[in-house]
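The values are calculated or read from the model by the stated rules, or taken from the named source; none is laboratory data. Everything numeric in this text was worked out from a predicted model, so none of it was measured. So basically every Cβ, Gly included, is an ideal-geometry build from the backbone, and we count neighbours across all protein chains shown. The accessibility values were calculated without ligands, DNA or RNA, using every heavy atom of the protein model including side chains. Shrake-Rupley method; radii C 1.70, N 1.55, O 1.52, S 1.80 Å.
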Amino acid sequence: MTKAVSHPFFARIYPRINAFAEAHGSIEHRQELLAGAHGRVVEIGAGTGANFRHYPPEVTQVVAVEPEPRLRALAEQAATEASVPVETAAGRAEELPLEDDSFDIAVFSLVLCTIADVPGALAEARRVLKPDGELRLYEHVGSERPGFRRVQKALAVPWRLMGGGCHLTRDTERAIKEADFTVEDIRRFYFLINGRANPASPSVIGMARPTT
Ligand SMILES: C[S@@+](CC[C@H](N)C(=O)[O-])C[C@H]1O[C@@H](n2cnc3c(N)ncnc32)[C@H](O)[C@@H]1O
């Protein structure tokens, strides 16, 4: 049976956090993440469904897996206004309730920071992807700058408690390579706060494929 993920406090505040992020560039990041997407897509940890209106028409179906009940209810609402057909499902990244080799694209958007077992989640993504499928990612990551990394480490515990289990210092690109994906494209950037790149928010948008 799928283990529940329940973060009632985070689920209440995430729509406001997302609205703040959208006012500071994340709409454009989501569009970049999903540009050129096509076919069947699995979105893992879909949250409120903030990506749903950005899928291009070449996407024939999105299966959006979200374990947190309150967020999944918001995703179900967002699915009714999506740009393409979206089906929502309960489930965890580490144990996807989906068939092998059945998706063209797996989307991780601000979620590999939170998933408890990243290697397990990436192995599951590989299992459900077709051999020539794409893993798309949009994630905040650990800083490469020692000063900011120290700050991220100092904030780790309160951040995790407030942020529904979110980790600030993950090396997501490395985790993807270790999970036997080949990174084909990756862009590093900072969120813009008041028009300036904020070094406290190192992030990546990229695409990887299962290594053959
Ligand atoms: C910061 S939110 C991001 C939501 C959404 N992907 C977005 O781009 O706005 C992190 C999400 O990861 C989900 N999550 C946490 N643990 C998970 C797991 N083990 N499997 C799948 N999703 C998980 C949370 O419920 C939450 O929806």
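In the set 70, 126, 136, 145, which member is in contact (Cβ under 8 Å) with a residue 60 or more places away in the chain and more than 28 Å from residue 13 (Cα to Cα)? Matching residue, one of 70, 126, 136, 145: 126. Looking at the stretch 175-187, I want the residues that are more than 19 Å from residue 127 (Cβ to Cβ) and assigned to a strand (DSSP E or B) and have a partner that is among the β-branched types (Val, Ile, Thr) and open to solvent by less than 50 Å² (accessible area, probe 1.4 Å) with Cβ atoms under 6 Å, at least 6 apart or on another chain. Which pairs are those? Sorted first by the residue in the stretch 175-187, then by its partner, the pairs are 186/204; 187/205. In a residue-by-residue description of the stretch 83-97, the property of being more than 13 Å from the ligand (Cβ to nearest atom) and at pLDDT below 95 applies to at least one position.
If you check 88, 80 for being open to solvent by 20 Å² or more (accessible area, probe 1.4 Å), farther than 24 Å from residue 175 by Cβ, β-branched (Val, Ile, Thr) and touching a residue at least 40 places away in the same chain (Cβ under 8 Å), only one passes: 88. Residue-level check: of (1) more than 26 Å from residue 12 (Cβ to Cβ); (2) open to solvent by less than 10 Å² (accessible area, probe 1.4 Å); (3) not in a helix (DSSP H, G or I), residue 108 misses just (1). Filter the stretch 50-71 down to residues that are in a helix (DSSP H, G or I) and more than 8 Å from the ligand (Cβ to nearest atom) and give me whichever is surrounded by the most Cβ atoms within 10 Å (Cβ to Cβ). Step by step, filter the stretch 50-71, then rank; the result is 52. With respect to the stated conditions, residue 47 is within 9 Å of the ligand (Cβ to nearest atom) and in a loop (DSSP other than H, G, I, E, B).
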